[in-house]
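The values are calculated or read from the model by the stated rules, or taken from the named source; none is laboratory data. Quantities reported herein were computed from a predicted structural model and do not represent experimental measurements. For neighbour counting, all protein chains shown are included, and Cβ atoms are generated from backbone atoms with ideal geometry for every residue, glycine included.
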Amino acid sequence: MLTNYKRKASQSLYFISAIALGVLLNGCKKDIPTQVSTNEPTAPTANVQAPVQVVDNAHSDIRVALQDNLHKSGVNATVISVIPTAMPELFLAQVQGMPPIFTDKTGTYVLQGDLLQLGDTAPVNLSASALATMAKETLSAIDPSEMIIFPATGDKKATVYAFSDPTCRYCQLLQEDMPKLNALGIEVRYLAWPRSADTIPLAETIWCSADRQQALIDAKKDKKLTPISCDNPVKKHITIGEELGVSGTPAVFTENGQQIGGYLPPDELAKQAIANQQ
């Protein structure tokens, strides 16, 4: 009897954990912390400092309070925006170079992780909708010229954003699927997200190439590229990925901000992309 109870309890905890984590993603984990050298002081958990624009809204007082409390605690990071969650008096904050954090209305208490609502037929991940709102606003604001875009062939049915590392095998598979994805009406917008400091130069070479598309294709086929340097958005993309909680590649987001992958077969990716538009 006790053994059965323990088994059921374990299964329940596993189920809740699976809900909290969302889908189990096929992808490549971040190899090591992506330390990018800058001459400016950075927050302890931030890897990159890039220019940011704060978002003022009805909850700007919470953003300001959280910003002040972070600085008092020695965390030199910019709070970009604060949005409400389904839990009363709990808010989700986007902080430069850091994964999203929850805070109270005074900006005094913070926590990271998934917010679950119980009492229905299954646990509901309330974090997902708040994170999607944040991702939608962030990704739609990126200048298309900063991304490597593979447009749909024929009528465009949906757009996805993919944080990608050319050395990741799952990212290579995504690129191999590109002709079919484009034929299914899906436009793919790539952002750079090297998983380690060692692959940052490769990402910068791709973004500095005269033909970015071909450079990305070649890199994902493990072809050697001649290093190139220029002003590029790679470090900015790393920061954005960190702020959206990206921890591996490919990290695929839909137009409404939902993260649907990880690597997905083209038919499944297209189905979810079309179902999660604006």
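I'm trying to understand the selection: among the residues of region 222-248, which are acidic (Asp, Glu) and closer than 15 Å to Met98 by Cβ?
Within region 222-248, Glu242, Glu243 meet the criteria.
Just to be sure before I move on: is Val252 surrounded by 22 or more Cβ atoms within 10 Å (Cβ to Cβ), closer than 18 Å to Pro151 by Cα and either touching a residue at least 12 places away in the same chain (Cβ under 8 Å) or over 20 Å from the mean Cα position of the chain (by Cα) (or both) in the structure I sent? Against the criterion (surrounded by 22 or more Cβ atoms within 10 Å (Cβ to Cβ), closer than 18 Å to Pro151 by Cα and either touching a residue at least 12 places away in the same chain (Cβ under 8 Å) or over 20 Å from the mean Cα position of the chain (by Cα) (or both)), Val252 qualifies.
Just checking, does region 161-170 include any residue being of a type in the set (Asp, Glu), within 20 Å of Gly261 (Cβ to Cβ), within 16 Å of the chain's Cα centre (by Cα) and not assigned by TED's automatic domain parsing to the domain that holds Leu264? Scanning region 161-170 turns up no residue that is of a type in the set (Asp, Glu), within 20 Å of Gly261 (Cβ to Cβ), within 16 Å of the chain's Cα centre (by Cα) and not assigned by TED's automatic domain parsing to the domain that holds Leu264. For region 237-244, state whether one or more residues are under 30 Å from Ile80 (Cα atoms), assigned to a helix (DSSP H, G or I) and among the polar types (S, T, N, Q). The answer is yes; a qualifying residue exists. Considered as a group, the residues in region 96-117 that are at pLDDT 90 or above and either within 19 Å of the chain's Cα centre (by Cα) or in a strand (DSSP E or B) (or both) include one that is surrounded by the fewest Cβ atoms within 10 Å (Cβ to Cβ), and that residue is Leu111. Filtered by the rule that a residue be surrounded by fewer than 17 Cβ atoms within 10 Å (Cβ to Cβ) and either free of Cβ contacts under 8 Å to residues at least 60 places away in the same chain or over 21 Å from the mean Cα position of the chain (by Cα) (or both), region 130-148 gives Ala141, Asp143, Pro144, Ser145. Out of curiosity, is Ser209 in contact with a Cys (Cβ under 7 Å, 6 or more places away or on another chain) and in contact (Cβ under 8 Å) with a residue 12 or more places away in the chain? Considered against the rule, which asks whether it is in contact with a Cys (Cβ under 7 Å, 6 or more places away or on another chain) and in contact (Cβ under 8 Å) with a residue 12 or more places away in the chain, Ser209 comes out as no.
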